[in-house]
Every structure is written in structure tokens, then in C-alpha cells.
1. How many nm separate the modelled label positions at A70 and M45, each set 7 Å beyond the Cα in the direction of the Cβ?
2. So which residue, out of E37, E124, E50, gets the largest mean-square fluctuation from a GNM of the chain using Cα contacts under 10 Å as springs?
3. Ignoring everything except DSSP H segments at least 4 long, calculate the 222 nm mean residue ellipticity for the chain; use -39,500 (n - 2.57) per segment, divide by total residues, nearest 500.
4. Using a/c under 1.5 as the rounded threshold, could you call the chain rounded, prolate or oblate? The axes a ≥ b ≥ c are square roots of the C-alpha gyration tensor eigenvalues, and prolate needs a/b larger than b/c, oblate otherwise.
5. Comparing M58, M130, M49, which has the greatest mean-square fluctuation in the GNM of the chain with Cα pairs linked when under 10 Å apart?
6. Report the paramagnetic label zone for L87: residues of region 37-70 whose backbone N is under 12 Å from a point 7 Å from Cα along the Cα-to-Cβ axis.
7. Which of the DSSP-defined H helices in the chain satisfy a minimum axial length of 18 Å, computed from C-alpha atoms, and a minimum mean Kyte-Doolittle hydropathy of 1.0?
8. Could you work out the relative contact order of region 62-142, using alpha carbon pairs under 8 angstrom and six or more residues apart, expressed as a whole percent?
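Just so you know, all these numbers are worked out from the coordinates, no wet-lab data involved. The model shown is predicted, which means the values in this text are computed figures rather than measured ones. Reconstructed Cβ throughout: ideal geometry from the backbone, glycine too, with neighbour counts over all protein chains shown.
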Amino acid sequence: MAEYYLWIKAFHIIAVIAWMAGLLYLPRLFVYHCEAEPGSKRSEMLKIMERRLLRAIMTPAMILAFIFGAALIHQVGLDGGWIQAKLVLVLVLAASHGLMSRWRRDFAEDRNQRSQRFYRIANEVPTVLMILIVILAVAKPF
């Protein structure tokens with residue numbers, strides 16, 4: 001398996017990039033969806049976009065990121081506080097994915113009660129987590 005380490009790492013990075021793209025874009029769609037009248041053509045189009053983004057890109061990318069990440073951990077182990085901290089932040093990122101999934105369901109059922117401002121702030125959470133995760137993975141500060 002060591003001979004495939006760089007390939008596994010490459011596919012892990014690709015999966016993470018795809019997942020992050022979705023985590024950064026979906027809340028932006030929610031901001032636009034807040035502006036749309038429930039039942040309107042725009043609202044229905046956003047429902048389709050949100051569902052496809054979550055189901056066709058974000059969730060498969062998250063699963064692949066976890067699979068390839070687990071394979072990398074199998075290779076390098078869990079030594080060092082940086083990897084443990086990174087894993088905690090990745091779990092928080094996965095929890096934000098779950099929250100976005102629930103929010104998407106609220107929009108799909110025309111039950112959204114949150115404001116554009118809420119989704120603008122929520123849009124920053126994956127960004128901050130990504131920055132911290134990358135710093136931990138690259139700098140390995142502890």
C-alpha cells in the first residue's frame with residue numbers, strides 16, 4: 001500500500017477540494033433562496049440546484065475524502081497532536097455538512113425560517129475550518 005501513498009493523497013486532496021467547493025457554494029444558494037418567493041420558478045430551480053449539489057457532489061466527495069483520509073492515516077498513523085486536532089476539525093466540518101443538508105430539506109419543504117444574514121455567517125464556518133485544517137496538515141505545529 002505504501003507504493004500507492006501519493007496516489008491516495010492526490011485523490012484525498014481532489015475529494016476535499018470538491019467537498020469544500022460544495023460547502024462554500026451551498027450556503028450562497030441558500031442566501032439567494034431566501035430572496036425567492038416560495039413556489040416561484042426561481043425557488044423551484046434553487047431547490048433542484050441545492051439537491052443536486054448536495055447529493056451528486058458534496059456527499060460523494062465527503063465520503064471519498066473520508067475513505068482516502070482513512071487510508072492515509074493507515075499509512076502514517078495517528079502520532080502527533082496535529083492529526084488529532086485535524087480530525088476533530090474534520091468532524092466539525094462533517095457536522096456542518098449535516099446541518100446544511102437539514103437546511104436544504106427545510107427549503108425543499110418551503111419551511112425555511114432563517115435569514116440571509118444567517119446563511120452569510122454560516123458560509124464563513126467552512127472557510128475558517130478549512131484554513132485551520134490546512135495549517136495543521138501542512139505546518140504540523142504540534
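1. 4.0
2. E37
3. Values: 6 runs with 112 residues, N = 142.
Mean residue ellipticity at 222 nm (helix-derived): -27000 deg cm²/dmol.
4. On the way: a/c = 3.24, a/b = 2.09, b/c = 1.55.
Since a/c reaches 1.5 and a/b is larger than b/c, the shape of the chain is classed as prolate.
5. M49
6. Taking a point 7 Å out along Cα→Cβ of L87, the residues of region 37-70 whose backbone N falls under 12 Å are 70.
7. Details: long enough: 5-35 (46 Å, 1.18); 59-76 (25 Å, 1.70); 81-108 (41 Å, 0.58); 124-139 (22 Å, 2.59).
For the chain, where a helix must reach 18 Å along its axis and average at least 1.0, the hits are 5-35, 59-76, 124-139.
8. Details: 27 pairs, mean separation 43.7, N = 81.
Once divided by the residue count of region 62-142, the mean separation gives 54 percent.
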